[in-house]
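J.: First, the structure itself, so that you have it in front of you.
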Amino acid sequence: MQCTQMCVLFSAVLLVSLASDKKLRAKPVSKPVRLITEEELEIYDGSRDGQPVYMAIKGVVFDVTKGKEFYGKGAPYNALVGKDSTRAVAKMSLDPEDLTHDTIGLTKEQLESLDRIFTGTYKAKYPIVGYTARRMLNEDGSPKKDFKPEDQPHFTLNDEL
(Lines give C-alpha, C1' and ligand atoms only; values in the text may rest on other atoms or scores of the structure.)
Protein backbone atom coordinates (compact mmCIF):
# COMPACT_ATOMS: atom_id res chain seq x y z
CA MET A 1 0.00 0.00 0.00
CA GLN A 2 2.79 2.41 0.84
CA CYS A 3 4.42 1.71 -2.54
CA THR A 4 1.13 2.45 -4.33
CA GLN A 5 0.80 5.77 -2.52
CA MET A 6 4.38 6.69 -3.40
CA CYS A 7 3.77 5.84 -7.07
CA VAL A 8 0.60 7.95 -7.15
CA LEU A 9 2.37 10.86 -5.44
CA PHE A 10 5.35 10.60 -7.79
CA SER A 11 3.02 10.48 -10.82
CA ALA A 12 1.11 13.54 -9.61
CA VAL A 13 4.31 15.52 -9.06
CA LEU A 14 5.60 14.45 -12.47
CA LEU A 15 2.37 15.50 -14.19
CA VAL A 16 2.32 18.89 -12.45
CA SER A 17 5.97 19.40 -13.34
CA LEU A 18 5.41 18.51 -16.98
CA ALA A 19 2.33 20.74 -17.18
CA SER A 20 4.25 23.67 -15.68
CA ASP A 21 7.16 23.04 -18.03
CA LYS A 22 4.81 23.02 -21.02
CA LYS A 23 3.27 26.33 -19.94
CA LEU A 24 6.72 27.89 -19.63
CA ARG A 25 7.74 26.71 -23.08
CA ALA A 26 4.48 27.87 -24.65
CA LYS A 27 4.87 31.45 -23.43
CA PRO A 28 6.58 33.63 -26.05
CA VAL A 29 10.01 34.80 -25.05
CA SER A 30 10.63 38.52 -25.29
CA LYS A 31 14.06 40.10 -25.11
CA PRO A 32 14.49 42.67 -22.39
CA VAL A 33 14.49 46.25 -23.61
CA ARG A 34 17.73 47.87 -22.53
CA LEU A 35 18.17 51.59 -21.98
CA ILE A 36 21.70 52.72 -22.83
CA THR A 37 22.71 56.12 -21.49
CA GLU A 38 24.85 58.55 -23.48
CA GLU A 39 27.64 58.02 -20.94
CA GLU A 40 27.48 54.25 -21.35
CA LEU A 41 27.38 54.54 -25.13
CA GLU A 42 30.59 56.61 -25.06
CA ILE A 43 32.42 53.65 -23.48
CA TYR A 44 31.81 51.56 -26.62
CA ASP A 45 33.68 53.88 -28.99
CA GLY A 46 36.13 51.31 -30.32
CA SER A 47 39.09 52.61 -28.32
CA ARG A 48 39.35 49.63 -25.94
CA ASP A 49 40.61 46.27 -27.15
CA GLY A 50 38.19 43.42 -26.54
CA GLN A 51 35.27 45.81 -25.93
CA PRO A 52 32.24 45.83 -28.26
CA VAL A 53 31.73 48.81 -30.58
CA TYR A 54 28.29 50.47 -30.42
CA MET A 55 26.65 53.26 -32.36
CA ALA A 56 23.14 54.66 -32.28
CA ILE A 57 20.97 55.77 -35.16
CA LYS A 58 17.48 57.16 -34.55
CA GLY A 59 17.91 56.19 -30.89
CA VAL A 60 18.51 52.51 -31.70
CA VAL A 61 21.85 51.19 -30.43
CA PHE A 62 23.60 48.70 -32.70
CA ASP A 63 26.57 46.46 -31.95
CA VAL A 64 28.82 47.17 -34.97
CA THR A 65 31.75 45.16 -33.61
CA LYS A 66 31.74 42.77 -36.58
CA GLY A 67 32.41 45.82 -38.76
CA LYS A 68 35.53 46.82 -36.78
CA GLU A 69 37.43 47.44 -40.01
CA PHE A 70 34.98 50.31 -40.59
CA TYR A 71 34.16 51.43 -37.03
CA GLY A 72 37.05 50.34 -34.81
CA LYS A 73 39.91 52.48 -33.51
CA GLY A 74 41.57 54.31 -36.40
CA ALA A 75 39.00 53.03 -38.92
CA PRO A 76 37.38 55.38 -41.45
CA TYR A 77 33.99 55.63 -39.70
CA ASN A 78 35.19 55.52 -36.09
CA ALA A 79 33.88 59.05 -35.55
CA LEU A 80 30.32 57.66 -35.75
CA VAL A 81 30.62 55.23 -32.82
CA GLY A 82 30.06 55.76 -29.12
CA LYS A 83 27.20 58.20 -29.77
CA ASP A 84 23.94 58.72 -31.62
CA SER A 85 25.12 59.71 -35.11
CA THR A 86 21.73 60.02 -36.79
CA ARG A 87 22.43 63.36 -38.49
CA ALA A 88 25.85 62.26 -39.76
CA VAL A 89 24.39 59.08 -41.28
CA ALA A 90 21.58 61.06 -42.93
CA LYS A 91 24.05 63.54 -44.43
CA MET A 92 26.78 60.94 -45.05
CA SER A 93 29.07 63.24 -43.12
CA LEU A 94 31.90 62.86 -40.64
CA ASP A 95 31.85 66.55 -39.72
CA PRO A 96 31.96 66.81 -35.90
CA GLU A 97 28.93 69.17 -35.99
CA ASP A 98 26.87 66.38 -37.60
CA LEU A 99 27.71 63.74 -34.97
CA THR A 100 24.39 64.15 -33.17
CA HIS A 101 20.88 62.74 -32.88
CA ASP A 102 19.38 66.03 -34.11
CA THR A 103 17.51 65.81 -37.42
CA ILE A 104 16.10 69.34 -37.47
CA GLY A 105 16.76 71.02 -40.81
CA LEU A 106 17.54 67.86 -42.78
CA THR A 107 16.17 67.76 -46.30
CA LYS A 108 13.53 65.29 -47.45
CA GLU A 109 16.23 63.45 -49.43
CA GLN A 110 18.49 63.22 -46.39
CA LEU A 111 15.66 61.84 -44.25
CA GLU A 112 14.80 59.28 -46.94
CA SER A 113 18.47 58.31 -47.17
CA LEU A 114 18.57 57.94 -43.38
CA ASP A 115 15.60 55.55 -43.45
CA ARG A 116 17.15 53.47 -46.26
CA ILE A 117 20.52 53.20 -44.51
CA PHE A 118 18.90 52.54 -41.13
CA THR A 119 16.84 49.65 -42.51
CA GLY A 120 19.02 48.34 -45.32
CA THR A 121 22.39 48.55 -43.60
CA TYR A 122 22.16 48.73 -39.84
CA LYS A 123 18.98 46.76 -39.08
CA ALA A 124 19.94 44.21 -41.74
CA LYS A 125 23.55 43.68 -40.61
CA TYR A 126 23.97 44.51 -36.94
CA PRO A 127 22.24 43.33 -33.76
CA ILE A 128 20.24 45.81 -31.72
CA VAL A 129 21.58 45.97 -28.16
CA GLY A 130 19.44 48.75 -26.74
CA TYR A 131 17.84 52.15 -27.08
CA THR A 132 18.80 55.64 -26.04
CA ALA A 133 16.75 57.56 -23.48
CA ARG A 134 15.55 59.90 -26.24
CA ARG A 135 14.01 56.92 -28.04
CA MET A 136 12.33 55.38 -24.99
CA LEU A 137 11.53 58.20 -22.56
CA ASN A 138 9.80 61.56 -22.46
CA GLU A 139 11.72 64.55 -21.13
CA ASP A 140 10.18 64.01 -17.68
CA GLY A 141 11.55 60.44 -17.61
CA SER A 142 8.21 58.70 -18.15
CA PRO A 143 8.02 55.99 -20.82
CA LYS A 144 6.91 57.08 -24.28
CA LYS A 145 3.52 55.51 -24.98
CA ASP A 146 4.36 54.91 -28.65
CA PHE A 147 7.78 53.28 -28.02
CA LYS A 148 8.22 50.04 -29.98
CA PRO A 149 11.52 48.17 -30.13
CA GLU A 150 12.71 47.79 -33.72
CA ASP A 151 13.41 44.07 -33.28
CA GLN A 152 10.25 43.15 -31.33
CA PRO A 153 7.16 43.80 -33.46
CA HIS A 154 4.72 42.34 -30.90
CA PHE A 155 6.10 44.31 -27.94
CA THR A 156 3.64 46.10 -25.67
CA LEU A 157 4.57 48.78 -23.19
CA ASN A 158 3.27 46.61 -20.35
CA ASP A 159 5.83 43.91 -21.24
CA GLU A 160 8.75 45.85 -19.87
CA LEU A 161 8.25 49.41 -18.73
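J.: Give the aspartates and glutamates reachable from Lys144 as a straight Cα distance under 15 Å; neighbours fewer than 8 places away on the same chain don't count.
T.: Result set, ordered by chain and number: Asp159, Glu160.
J.: Another question, then. Mind listing the long-range amide H neighbours of Val61? Cut-off is under 5 Å, sequence gap 5 or more, other chains count too, H placed in the peptide plane at 1.01 Å from N.
T.: Excluding prolines and chain starts, which carry no amide H, the hits are Val129, Gly130, Tyr131, Thr132.
J.: How much of Leu80 can a 1.4 Å solvent probe reach, expressed as accessible area in Å² and rounded to 10?
T.: Result for Leu80: roughly 10 Å² accessible.
The values are calculated or read from the model by the stated rules, or taken from the named source; none is laboratory data. In this text, all values refer to a predicted model and were calculated from it rather than measured experimentally. Heavy atoms of the whole protein, side chains included, go into the accessibility calculation; ligands, DNA and RNA do not. Shrake-Rupley method; radii C 1.70, N 1.55, O 1.52, S 1.80 Å.
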